[in-house]
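Participant: Quick one: this structure, given as structure tokens, is what I'll be asking you about.
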Amino acid sequence: MASAATQSRCNRQIRVREVRVIGADGEQAGIMATQDALQMAMDLGLDLVEVAPNSRPPVCKIMDYGRYKYQLQKKQQEARRKQSTVQIKEIKVRPKTDDHDFNTKLKHVLRFLEGGDRVKVTVFFRGREIVHKDRGMMILQRMVEAVGDLAKVEQQPRSEGRTMSLLLAPIKLQQP
């Protein structure tokens, strides 16, 4: 995907006969021949940049093209910086996980959810434990009940080989 700066035509790249010109001060200069508009820009020591190529006639603005590209680049950087990334944190438990260990894992899950991250709770089965999938399901159900109103189940518990997993997503609370 090309950025707006690479799509904008500048100076001699503008190949139409006439353009609508916006001056360096932002005032409309009207519709004129491309050569006249280019000469006006050269006299001011600036560039003629096509800002709306799809309109009839195309709209061109007299400005410093290097500065324009720089400002566009800064806007794109700012937009990327403001994007929020949601991570998936994973908590691993076993079917024989006892109460105290479960509560410790639960504290981690709650901390991750409050931080705005999604949490994948995975139960690992080793050896003959795979026969007791109901224990793994009980642990996952217990986890769902324990997080209560802080999270919603985004992906129901499902078994894949020797693991059973569940995906929890935080519920965004409305600020008054």
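The values are calculated or read from the model by the stated rules, or taken from the named source; none is laboratory data. In this text, all values refer to a predicted model and were calculated from it rather than measured experimentally. Positions of Cβ are backbone-derived with ideal geometry, glycine not excepted, and every protein chain shown enters the neighbour counts. We work out accessible area using only protein heavy atoms, side chains counted, and drop any ligands, DNA or RNA first. Shrake-Rupley method; radii C 1.70, N 1.55, O 1.52, S 1.80 Å.
Participant: For the pair Arg142/Asp101, report the inter-label distance in nm, with labels modelled 7 Å from Cα in the Cβ direction.
Facilitator: Inter-label distance under the simple model: 1.1 nm.
Participant: Residue by residue through segment 18-31, which ³J(HN,Hα) values in whole Hz follow from phi under the Karplus form 6.51 cos²θ - 1.76 cosθ + 1.60 (θ = phi - 60°), with glycine and proline marked x?
Facilitator: 9, 9, 8, 10, 10, x, 5, 8, x, 7, 6, 9, x, 8
Participant: Using only Cα atoms, tell me the angle between helix 133-147 and the longest principal axis of the chain; keep it within 0 to 90° and round to the nearest 10.
Facilitator: 60 degrees
Participant: While we're on this one: Quick one: 3J(HN,Hα) in Hz for segment 57-73, Karplus 6.51/-1.76/1.60 with θ = phi - 60°, rounded, Gly and Pro as x.
Facilitator: Computed from phi, the couplings for segment 57-73 are x, x, 8, 10, 10, 8, 7, 7, 5, x, 5, 4, 4, 4, 5, 4, 4 Hz.
Participant: Considering only the chain, what is the antiparallel percent among its DSSP beta bridges, to the nearest 5?
Facilitator: 75 percent
Participant: Right, another one. Can you give me the % of accessible surface on segment 82-176 that is carbon or sulfur? Probe 1.4 Å, all protein chains present, nothing else counted. Present the calculation step by step, with values, prior to reporting the outcome.
Facilitator: Numbers: 3160 of 6480 Å².
That share works out to 49 percent.
Participant: As a test of understanding, state the convex hull volume per residue of segment 86-161 from its alpha carbons, in Å³. The partial results should precede the final answer.
Facilitator: Values: hull volume 6.6 nm³, N = 76.
Value for segment 86-161: 87 Å³ per residue.
Participant: Averaged over every viewing direction, what's the projected area of the C-alpha convex hull for segment 44-138? Give it in nm², one decimal, please.
Facilitator: Convex hull of Cα atoms, orientation-averaged projection: 12.1 nm².
Participant: Percent relative contact order of segment 30-154, based on C-alpha pairs within less than 8 angstrom and at least six residues apart?
Facilitator: Over segment 30-154, the number comes to 18 percent.
Participant: Which value, in debye to the nearest 20, describes the size of the charge dipole of the chain about its Cα centre when Lys and Arg Cβ atoms bear +1, Asp and Glu Cβ atoms bear -1, and nothing else is charged?
Facilitator: The calculation lands at about 820 debye.
Participant: For segment 45-148, what is the charge dipole size about the Cα centre, in debye to the nearest 20, if Lys and Arg each add +1 at the Cβ and Asp and Glu each add -1 at the Cβ?
Facilitator: 180 debye
Participant: Which ³J(HN,Hα) values, rounded to whole Hz and listed in residue order, are derived for segment 164-171 from phi using the Karplus coefficients 6.51, -1.76 and 1.60 in 6.51 cos²θ - 1.76 cosθ + 1.60 with θ = phi - 60°, glycine and proline given as x?
Facilitator: Taking θ as phi minus 60°, the curve returns 10, 10, 9, 10, 10, 10, x, 9 Hz for segment 164-171.
Participant: Which residues' amide hydrogens lie under 5 Å from the amide hydrogen of Ala24, considering only partners 5 or more residues apart or on another chain, with H built in the peptide plane?
Facilitator: Here the answer is Ile62, since their amide H atoms fall under 5 Å of that of Ala24.
Participant: Specify, per residue and in Å³, the volume enclosed by the convex hull of the alpha carbon atoms belonging to segment 133-176.
Facilitator: 53 Å³
Participant: Could you do me a favour and compute the accessible area per residue for the chain, 1.4 Å probe, result in Å²?
Facilitator: So the chain comes to 69 Å² accessible per residue, rounded to a whole number.
Participant: Can you compute the modelled spin-label distance between Ala24 and Ala52, with each label point 7 Å from Cα toward Cβ, in nm?
Facilitator: 2.3 nm
Participant: On to the next question. Return the long-range amide H neighbours of Ile171 (sequence gap of 5 or more, or a different chain), with a cut-off of under 5 Å between placed amide H atoms.
Facilitator: When sequence neighbours closer than 5 places are left aside, the close amide H contacts are Ala151, Lys152.
Participant: While we're looking at this one, here's another question. When the scattering of the chain is computed by the Debye formula from its Cα atoms alone, each counted once and equally, what is log10 I(q)/I(0) at q = 0.08, 0.11, 0.20 Å⁻¹?
Facilitator: -0.53, -0.61, -1.18
Participant: Compare the peptides 110-117, 135-142 by average per-residue count of other Cβ atoms within 10 angstrom and give them in order, highest first.
Facilitator: Descending mean neighbour count gives 135-142, 110-117.
Participant: In nm, give the distance between the simple-model label positions of Arg128 and Ala33, each being 7 Å from the Cα along the Cα-to-Cβ direction.
Facilitator: Output for this residue pair reads 9.6 nm.
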